[in-house]
2 protein chains.
Amino acid sequence: MYCFLLRYFVCFFASRKIVYNLHLRTLIIPNTLILNFPVYKMLFLSLQQPAQSHESFIVSVHLLSIHFNGGIHMKYTVITGASSGIGYEAAVAFATRGKNLILVARREAELNNLKENIQSMNSDLDVVIKPTDLSDSGQVHALYESLKEYDIETFVNNAGFGNSATVAEQDVTKTEKMLRVNVEALTTLSTLYARDYADREGAQLINVSSDLGYRIVPNAVTYAATKFYVSAFTEGLAQELQDNGARLKVKILAPSMTETEFVKTAREIDDFSYSDNVQKFHTAKEMAQFMLELHDSEQIVGKVNSETYEFELMDPVFQYTSRK
Amino acid sequence: MYCFLLRYFVCFFASRKIVYNLHLRTLIIPNTLILNFPVYKMLFLSLQQPAQSHESFIVSVHLLSIHFNGGIHMKYTVITGASSGIGYEAAVAFATRGKNLILVARREAELNNLKENIQSMNSDLDVVIKPTDLSDSGQVHALYESLKEYDIETFVNNAGFGNSATVAEQDVTKTEKMLRVNVEALTTLSTLYARDYADREGAQLINVSSDLGYRIVPNAVTYAATKFYVSAFTEGLAQELQDNGARLKVKILAPSMTETEFVKTAREIDDFSYSDNVQKFHTAKEMAQFMLELHDSEQIVGKVNSETYEFELMDPVFQYTSRK
């Protein structure tokens, strides 16, 4: 019996890939992450019932290896609010870097179009779509639950929308929905991702705030306040993780005016021309490139200067009192 | 017919109280505020059907007058989170100024105790209790609906709680509840109050933020972010209303460490001694006095300096780009 087990372990160690996977697994299981249970079970069955022949065990190891290649070893970039605007272009930008994608938004048809576009660029990429209404707390939790089988290298909380009205005149239902998406869903997804990936080398969380996450303007006070929340929460999380020696990197992207569906949604109008109405703005494609720049940098904040419209990488803006 | 109507109007004008009330009513109806519909209707019925006798109309005017005395003309201070801590002491402080109170919190027994305490101090005061769980959006709306029959002079959004954990380790359910109370309920109640009272002379909204609404600390990142939201939202609302020439005044109270149930709730422990564990703190009674100071001042922000523990009245802190 021991002899059999020993032989099996020798088999494991002979295959570096499997050993590495097993090592990864022991790291990952405590964080309740990933694992295809049937294959996982199969491995243990083959350990428990000494196989009739050496070959039969090799077969199961082989299957396991395939599974790990298709599961754990494929890394994914999650992007919320991917059906249009900065999220859409960010998906294209990460795809250009060869990243597999998990795309989240309410509108399934738009997600499917984006998936087709990306796969026509690079058919090797795995693109998973997750139609989800992030204003619904139950759907937010179900989404994260469904992401547990993937290895998420980068998580981009980009979903969000604005409103154009004074506080005294704003639509309360729309405002509450905005709070659920901009604040609550972002917090829940950031918290769960930080919990699972705090110690993962190469993992990164990017939360999309706004230039209005650092200054307030009338007729967008509540929207600005949601983005102050995002900036403070994300700056705090980034520094708290650094204080605790975590490997997960956390960053804030703060666009200023960007050509997206933002103004249409905020003002509830059918059409809006940025070039006709706005002096300075970035295209969503430009913002997606800034996101990649931020991703690659060591800085925590990537912010568009609202006067010059330069993209600036910088240290956190708000006061943070470390307990160290 | 005209003769009858004329006589009725003479009756109105003879009674200054009623004229004043009618004047108030025309001011108030466009803002969809207050009015006991049965009495309101009765007045118009008596105008429409010339009464058989003069006396019968006098009776209805008399009733109307009683109603207005008990309704419109009594002014109230609403305080959320009134069952303990700063909210409790604020209720006592406003009562000492002779203010009628509407007290909101989850715990009905505590509200009843507070009501008894206040009425033993001053039996003339009307104290209304509204047991409400502000983490439940439906209850928040029902609460505001039930407040429409009162004339609210001052609205204090004090309800809120904290959490003591890193983001990666925080309880997601508790965090979401914190967002609903600290952010969503405060936003909904502020929005509805601003809508109804923007043009009311003497009306005031005080939102309780925190010293941590202006600086972040580890192990309270999400709580701090909710308070950044409160600070930005409330500073923005105050200035937006000023820009638009509104009469409603809006202010931010930002306590630092205060002896309340805060630490017990944040850390989920049964007991906590501030004097044994915290170098500097204010009592809830002191904070309630600071709230009155802020109420009486022309400044928008009243903040405890986290180093000196002095209470400082000041201009808004965050950048606000007026469109004026």
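The values are calculated or read from the model by the stated rules, or taken from the named source; none is laboratory data. Since the structure is predicted, the reported quantities are computational estimates derived from the model, not experimental observations. Using ideal geometry, Cβ is built from the backbone for each residue, glycine included, and neighbour counts are taken over all protein chains shown. Areas reflect the complete protein model, heavy atoms only, side chains present, ligands, DNA and RNA absent. Shrake-Rupley method; radii C 1.70, N 1.55, O 1.52, S 1.80 Å.
The table that follows gives values for the structure above.
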quantity: 11 Å beta-carbon shell around B:GLU310, net charge (K/R +1, D/E -1); calculated: 0
quantity: Gap separating the Cα centres of the stretch B:146-167 and the stretch B:261-324, nearest whole Å; calculated: 15
quantity: Straight-distance crosslink candidates among aspartates and glutamates, where the alpha carbon sits under 17 Å from A:LYS148 and sequence neighbours closer than 8 are dropped; calculated: A:ASP126, A:ASP196, A:ASP199
quantity: Accessible surface, the stretch B:75-314, averaged per residue in Å² (probe 1.4 Å); calculated: 36
quantity: Ranking by accessible area, most exposed first, for B:MET74, A:MET291 with a 1.4 Å probe; calculated: B:MET74, A:MET291
quantity: ³J(HN,Hα), Karplus 6.51/-1.76/1.60, whole Hz, each residue of the stretch A:105-119, x for Gly, Pro; calculated: 5, 6, 8, 5, 4, 5, 5, 5, 4, 4, 4, 4, 4, 5, 6
quantity: Accessible-area ranking of A:ILE86, B:ILE102, largest first, probe 1.4 Å; calculated: A:ILE86, B:ILE102
quantity: Partners for A:LYS130 among aspartates and glutamates (Cα-Cα distance below 12 Å; same-chain residues under 8 apart left out); calculated: A:GLU108, A:GLU110, A:GLU145
quantity: Per-residue SASA entry for A:ARG107, accessible area with 1.4 Å probe, Å² rounded to 10; calculated: 70
quantity: Fraction of accessible area attributable to carbon and sulfur, the stretch B:142-222 (%, probe 1.4 Å); calculated: 45
quantity: Accessible-area order (highest first, 1.4 angstrom probe) of the listed residues B:SER123, B:SER190; calculated: B:SER123, B:SER190
quantity: Buried on assembly, the stretch B:213-236 (at least 30 Å² less accessible surface than by itself, 1.4 Å probe); calculated: B:ARG215, B:ILE216, B:PRO218, B:VAL221, B:ALA225, B:PHE228, B:TYR229, B:ALA232, B:PHE233
quantity: For the stretch A:289-324, residues shielded by at least 20 square angstrom of accessible area compared with the chain on its own, probe 1.4 Å; calculated: A:PHE318, A:GLN319, A:TYR320, A:THR321, A:ARG323
quantity: Accessible area buried, both sides summed, chains B and A with 1.4 Å probe, Å²; calculated: 4100
quantity: Area of B:HIS73 that stays accessible when all protein chains are in place (1.4 Å probe, Å², to 10); calculated: 60
quantity: Heavy-atom accessible area, 1.4 Å probe, ligands and nucleic acids excluded: residues of the stretch B:128-170 down by at least 50 Å² from chain alone; calculated: B:VAL167, B:ALA168
quantity: Subset of A:LYS227/B:LYS177; B:LYS174/B:LYS285; A:LYS75/A:LYS249; B:LYS174/B:LYS249; A:LYS227/A:LYS249 violating a 22 Å alpha-carbon distance limit; calculated: B:LYS174/B:LYS285; B:LYS174/B:LYS249
